[in-house]
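One structure is given below, encoded as structure tokens.
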Amino acid sequence: MNDTKILDVDGTTLDEWLELLRKPPTGMIFVRNKFPTEDHKNEWLRTAHLRPEKDVKLLLRHFLVSTGSNPSDQLNAQILISQLSKGTCLNELKEHDRRLLYHVKSHGKYPVWEGLGWVIDLLPHHPRTALNVINAFFYPYFGLLTDNYLSGLFDAEAIIRNRYIESFHTIDSAERGLLSLHWRELEWLCGAVYDHMGFNVRVTSRGNDDGVDVFAEKNICGQKDLIVIQAKKWRESNPVGKGEVRELLGTIDDHRATRGVLVTTGRFESGALQMANKDSRIELLDQKQFLLLLNEYCGTDWFTRVDRLITSIKIHCSSSSVEL
């Protein structure tokens with residue numbers, strides 16, 4: 001006789017539910033592969049920057065699909081076997097279908113699901129890659145996952161985005177790290193970000209930049225893209241104006257670039273923002289937006305590794321005889 005009981009956790013506080021995750025009660029099952037309610041989720045996200053790293057990883061381990069099987073797999077396997085008995089060709093089977101058959105053949109020992117728990121090892125340095133992996137998982141398996149598993153994956157994405165990209169717990173240190181850079185170091189850091197984004201990067205020489213601090217290029221068939229980047233180490237009290245945007249437009253035309261990016265450690269005047277809104281070739285990144293980009297592609301602790309990031313992009317560019 002199965003003595004397992006279902007514990008309703010909808011009415012628990014967030015901290016009570018987290019304690020259940022840390023120390024699951026014997027003989028009780030409860031919702032643990034997603035937040036029990038939207039209230040639990042919203043409260044956790046509001047306080048994510050206060051949570052210890054071990055609690056963040058604890059949630060992700062529960063929310064990301066783990067390697068293994070669940071009760072519905074046996075039913076799905078029987079349906080598949082029934083279809084095969086009607087003449088479906090084995091070569092037409094998807095990998096998930098093959099795992100279902102191996103699961104039955106091994107009497108449940110072979111796992112049906114290849115887990116996503118390894119995504120945790122991408123954090124905190126590669127949150128965008130972690131999100132891309134989860135999004136890729138949705139494509140083949142969206143229709144096969146239960147509502148709870150789907151909700152758990154969406155919750156995991158929200159946790160990663162909130163903790164490792166928006167990253168309120170590191171914002172003060174990140175701002176100080178950015179403002180402490182020399183203007184030349186800022187240019188190299190821009191190169192490092194776009195390198196992490198998958199572009200071929202060239203940081204120009206001092207005094208010979210022709211209006212460009214960084215060239216970033218992608219030569220993928222159907223997605224050819226050349227970006228010219230200008231970096232302004234300017235203070236909040238000295239906003240970037242329309243003149244600088246006009247200069248960037250001219251640089252885009254001179255180099256036949258697809259678009260231009262203007263990065264500042266400060267802010268933009270309203271006139272500059274209005275000009276950018278009228279021309280899709282222009283992207284303006286103020287301090288807050290650039291910090292989000294750094295977090296997303298270089299990790300929320302980028303400021304502790306900024307010298308390594310800059311040195312790496314210098315070495316990467318040196319093969320093209322770029323000045324160090």
Per residue convex hull volume, Cα atoms of segment 157-249, in Å³: 149 Å³
Euclidean distance between Cα centres, segment 44-69 to segment 257-295, Å: 33 Å
GNM top mover of Ala158, Ala136, Ala48 - the chain, alpha-carbon springs below 10 Å: Ala136
The chain, dipole about Cα centre (Lys/Arg Cβ +1, Asp/Glu Cβ -1), debye to the nearest 20: 580 debye
For segment 132-206, alpha-carbon Rg over 2.2 N^0.38 Å: 1.61
Projected label distance in nm at Arg51 and Ser318, using a 7 Å step from Cα toward the beta-carbon: 4.2 nm
Equivalent ellipsoid semi-axes, segment 213-324, via Cα gyration tensor eigenvalues times 5, rooted, Å: 24, 20, 13
Share of pairwise Cα separations in segment 5-169, more than 27 Å, in percent: 34 percent
Over the chain, relative contact order from alpha-carbon pairs under 8 Å, at least 6 apart, %: 16 percent
Top of Thr265, Thr146, Thr129 by mean-square fluctuation, Gaussian network on the chain, Cα under 10 Å: Thr146
Simple label model, 7 Å out from Cα along Cβ direction - Asn132 to Arg305, nm: 1.6 nm
Antiparallel bridges, percent of DSSP beta bridges restricted to segment 214-291 (to nearest 5): 30 percent
Most to least packed among 248-261, 25-38 [average Cβ atoms within 10 Å]: 248-261, 25-38
Cα-based Rg and Dmax for segment 1-92, where Dmax is the largest Cα-Cα distance (Å): 18.7, 57
Relative contact order of segment 173-318, pairs being alpha-carbon contacts under 8 Å that are 6 or more residues apart, as %: 25 percent
At R0 = 30 Å, FRET efficiency that the Cβ-Cβ distance of Glu43 and Met197 yields, to 0.05: 0.35
Charge tally in the Cβ shell below 10 Å around Ile165, where Lys, Arg are +1 and Asp, Glu are -1, Ile165 excluded: +1
Antiparallel DSSP beta bridges within the chain, percent to nearest 5: 45 percent
Cross-link reach list, aspartates and glutamates versus Lys5, counting only Cα pairs under 20 Å and skipping chain neighbours closer than eight places: Glu16, Glu19
Descending Cα extents along the principal axes, segment 1-40, whole Å: 36, 17, 16
10 Å binning of all Cα-Cα separations within the chain, expressed as whole percents from 0 upward: 5, 20, 24, 20, 16, 10, 4, 0, 0
Lysines with Cα under 18 Å of Lys41, excluding same-chain neighbours fewer than 8 positions away: Lys54, Lys57
Beta bridges per DSSP with both ends in segment 173-318, % antiparallel, nearest 5: 45 percent
Residue-averaged 222 nm ellipticity for the chain, from DSSP H runs of 4+ at -39500 (n - 2.57), nearest 500: -14500 deg cm²/dmol
Label-point separation in nm, Asp253 to Lys218, each point 7 Å along Cα→Cβ: 2.7 nm
Residues whose placed amide H lies under 5 Å from that of Val31, excluding near-sequence neighbours: Val9
Two-site FRET efficiency, Ser180 against Glu283, from Cβ-Cβ distance with R₀ of 35 Å, rounded to 0.05: 0.90
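Quick note: the coordinates plus some simple rules give every number you see, no bench work behind them. Quick caveat, the model's predicted, so the values are computed rather than measured. Every residue, glycine among them, receives a Cβ derived from its backbone with ideal geometry; neighbour counts consider all protein chains shown.
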